[in-house]
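For reference, the structure is listed below as structure tokens.
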Amino acid sequence: MAETYEDGNAMVEDAMVEDAMVEDAMVEDTEAPSPPPPPAAISKNGKKAEGNSIFSWIFVLALLGAWTAVGVVWFDIVDYDTVVGTLVPYDIDGDGHLGLEDAKVLLGLKEKPVARETPPHTLVTDKSDEQDVGSDSRIEAEPTVAESEFVDTASSEQDLFNIDSIVADAGLSHLEQEFTPFDPTEASFDSLPQEENPNTIDTTGELVVESSAEETEGQSDTTVMYGEQFASQQTDDADPRAPEDMEGATQSPEPAAEIPQDSTAAAPETTAQSAPQSEPQDTTQPNAEETPTEVTGKKKKPKMFNKFDKTIKSELDAAEKLRKKGKAEEALRAFEGLVQKYPHSPRSRYGKAQSEDDVAEKLRSNDLLLKAVNSYKEAAELPEAPVALIKAALKRRADRQQFLGRMRGSLATLQLLVQTFPDDIALQNDLGVAYLLIGDNKAAKQVYEEVLVKAPSDGFAMVHYGFILKSENKIAESIPYLRGGLESEAAGTDDGRFYFHLGDALQRVGDQSAYEWYERGHKRGHFASVWQRSLYNVNGLRAQPWWTAKESGYTDLVKTLERNWMTIRDEALSVMNASSGLFVAEDENLREKGDWGQFTLWQQGRKVASSCRSVPKTCALLDRYPEATSCKRGQIKFSVMQPGTHVWPHTGPTNCRLRMHLGLVIPRDGCRIRCTDHTRGWEEGKVIIFDDSFEHEVWQDADSYRLIFIVDVWHPELSQTQRQTLSPI
């Protein structure tokens, strides 16, 4: 035998020789059942002790270890019940497990015991008898662990079959009972009678967009007529539409990244508000036998699967589970795979659209959101798409189109929805909002008239119809609709704008209950107070109706205006020439009576170049003061008011500005302005400052015109970052 370990072949040879010796010893040991004991195996009393070959014991221990290892590994990967039967031939003593006694019998060291019947009195039939039975008999009577588990397993399977039979009797597959896809748009199906806990989508015309963190939560992107009407009708000394030749102006409107305070809009999940990110919802399954009934009022989930989709439910379930857990990218890959594998599966394509929607919000990607918009359409157009899926996909598509600013595309989608589901009032309400968003009040009015014929008490239609009537200056007619809609407390009606316009309408007809509605709006969080009713706000700013120059911090600007007031006045008078027609009549329905004209130099922080060419000295003075010229939520303009003019009580749209009035031509008597409960007059060459987010009112009862210069400035407590990031108004 080689002695070195340096040669690998020698090592192998040594091992083979040793194995052969052990094998020979084992053969000899097993062929001799009763070998003579070694001489040393003598007990203390002089008798010989029974002994065995050391190789026999090594074999026994090895065999036990091998069976133990096999048992651990085998039982872990194979059904235990199938293994138990294979051990029966080796369980010699019948004790239910392989032990030392079994090994002795196998080695021929002990004879196999004769099987005997279990005495009747040792059978355990009740647990209460166990304590009276001996340990030996109890072991014989108890079933093995494997037998117990097998019985439990069979019982569980039987219960499962019973569940399946119940489901089958109810006419539903077991798969349907187990899986309901997470669908944030389904929560907005107030039009679906079978939906549980419906929540309406944003139907107030407010688009959820990213806004400054300092601004009040819930602010809207109302860049078209619907939003402009809400905002513009609240401004002091009317804010005219921006002239076309403003410096820096573009053809496309600049989005206003906010929503009126405490609006009812949800933030998609979109908030892309909305797509905004989907929010978790209750997916608890109703009882299989529950169906909508007049007695119980039970409602079933809308069916989002066609027959084919039910056959791939497990794959859809797995992909949807990823989406529910917020793993948007993984869910998107999973649904893309399903779409490629099953191109005619509506639920797969709808899941892909939802996942694209989720990822778009996560990455803030408009390109990916546009893909989701297209995918929603594809899902709805597939053959055999379920009705509920078509409605969900198209509604979400319309919402995402609005978010992207594709108002006419959203309108077209909603028109298709209304044509497809003509009895769905909620869809008609959404269509009305879409018309308002593109400024087509006439079409919106017709839609809401049709809704109110079908459902005269529909609160959502009432407040919007009332708003349209008020915009047409049909003040008295608008009141019952605005009031009735708010009193209904229907979804989409608890909006500060409706409280604002109802109160305003009541004030104009002399009804003092206006302040009761303002108080309601304040208690619901829409207004800072009964007096301060602006809707586009930054929280925490100092709020007071009247300010001094020192309090504002703009003393240098005030001094410049007052020192140069005559220069400013002369340039204003030069453009008041009737033949020039440079002053534009106020057209925002703020006057009860009279004539009121304006000449704008800056609008939303942008200079009107043509206007400044007519009054170059005035504009040169203002160019030095960015607190005024960069104020995107204000104007700089001349205002002329003729005798016999009265301006209704009203409030400005935002608390982010202060308004300066420089007196240029002021009659001796008859001109005054009230802000909250304090009234003042103007003086030539003097500046007064107030916060126009508080209610104010103007009278011109003199015998000649009144001319002032209006300069809006940022609220002094706004940071530089806020001034740069706040959206224009």
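The values are calculated or read from the model by the stated rules, or taken from the named source; none is laboratory data. What you see is a predicted model; the values in this text were computed from it and never measured. Virtual Cβ from ideal backbone geometry, glycine too; neighbours counted across all protein chains shown. Ligands, DNA and RNA are excluded from the accessible area calculation, which covers all protein heavy atoms including side chains. Shrake-Rupley method; radii C 1.70, N 1.55, O 1.52, S 1.80 Å.
Calculate, for residue 509 and residue 620, the FRET efficiency according to 1/(1 + (r/R0)^6) with r their C-beta to C-beta distance and R0 35 Å; round to the nearest 0.05.
Numbers: r = 46 Å, r/R0 = 1.33.
The calculated FRET efficiency here is 0.15.
Taking region 522-587, how much of its Cα-Cα pair set, in percent, is spaced more than 21 angstrom apart?
Details: 1261 of 2145 pairs.
Roughly 59 percent, once rounded to a whole number.
Please report the projected area of region 404-491's Cα convex hull averaged over all directions, in nm².
Numbers: hull surface 22.4 nm².
Projected over every direction and averaged, the Cα hull of region 404-491 covers 5.6 nm².
When only DSSP loop residues count, what GluC sites (Glu not before Pro) in region 537-641 have their Cβ near at most 13 other Cβ atoms within 10 Å?
Details: sites: 551, 562, 571, 586, 588, 592, 627; in loops: 586, 588.
Listed in order of number, the matching sites amount to none.
Which semi-axis lengths, in whole Å and largest first, follow from the square roots of five times the eigenvalues of the Cα gyration tensor of region 672-729?
Values: eigenvalues 161, 36, 22 Å².
The three semi-axes for region 672-729 are 28, 13, 11 Å.
Cα-Cα over 28 Å: which of 559/637; 313/377; 377/632; 352/454?
Numbers: 559/637 18 Å; 313/377 22 Å; 377/632 38 Å; 352/454 37 Å.
Beyond 28 Å between Cα atoms: 377/632; 352/454.
Do any trypsin sites (Lys or Arg not before Pro) in region 362-422 lie in a loop, going by DSSP, with at most 12 other beta-carbon atoms within 10 Å of their beta carbon, and if so which?
Numbers: sites: 362, 364, 371, 377, 391, 395, 396, 397, 400, 406, 408; in loops: 364, 406.
When the trypsin sites (Lys or Arg not before Pro) of region 362-422 are filtered for loop state and at most 12 Cβ neighbours within 10 Å, 364 remain.
One-quarter of the Cα convex hull surface for region 455-574, in nm²? Present the calculation step by step, with values, prior to reporting the outcome.
Values: hull surface 43.8 nm².
The Cα convex hull of region 455-574, projected and averaged over all directions, gives 11.0 nm².
At 1.4 Å probe size, put 58, 710, 390 in order of accessible surface, largest to smallest.
On the way: 58 90, 710 0, 390 35 Å².
Listed by decreasing accessible area, they come as 58, 390, 710.
Just to check, using Stokes-Einstein with a Kirkwood Rh over alpha carbon pairs, what's the diffusion coefficient of region 553-603 at 20 °C and 1.002 mPa s in µm²/s? Walk me through the numbers on the way to the answer.
Working: Rh = 13.2 Å.
Answer, rounded: 162 µm²/s.
How big is region 517-654 by the Kirkwood estimate over distinct Cα pairs, in Å? Kindly include the intermediate steps, with their values, before the conclusion.
Details: mean 1/r = 0.0576 Å⁻¹.
Mean inverse Cα-Cα distance, inverted, gives 17.4 Å.
If you keep only loop residues by DSSP, which trypsin sites (Lys or Arg not before Pro) in region 658-703 have at most 12 other Cβ atoms within 10 Å of their Cβ?
Details: sites: 659, 668, 672, 674, 680, 686; in loops: 668, 686.
The qualifying sites are 668.
Given the whole protein assembly as supplied and a 1.4 Å probe, what does the accessible area of residue 305 come to in Å², nearest 10?
The accessible area comes out at roughly 40 Å².
Taking the solvent-accessible surface of protein heavy atoms with a 1.4 Å probe, what is the per residue accessible area of region 613-662 in Å²? Mind showing how you got there, number by number?
Details: 1230 Å² over 50 residues.
Here the residues of region 613-662 average 25 Å² of exposed surface.
Suppose all protein chains stay in the model; what accessible area per residue would a 1.4 Å probe give for region 523-602, in Å²?
47 Å²
Can you pull the one-decimal nm distance between simple spin-label points at residue 683 and residue 610, each 7 Å off the Cα toward Cβ?
3.9 nm
Under a 1.4 angstrom probe, counting protein chains only, how are 342, 536 ranked by accessible area, largest first? Before the final figure, lay out the partial values.
Details: 342 40, 536 5 Å².
In descending accessible area the options line up as 342, 536.
May I ask you to compute the full-extension gain from residue 719 to residue 556, defined as 0.36 nm times their residue separation minus their alpha-carbon distance, rounded to one decimal in nm?
Values: separation 163, 0.36 × 163 = 58.68 nm, distance 1.91 nm.
Full extension of this stretch gives 56.8 nm more.
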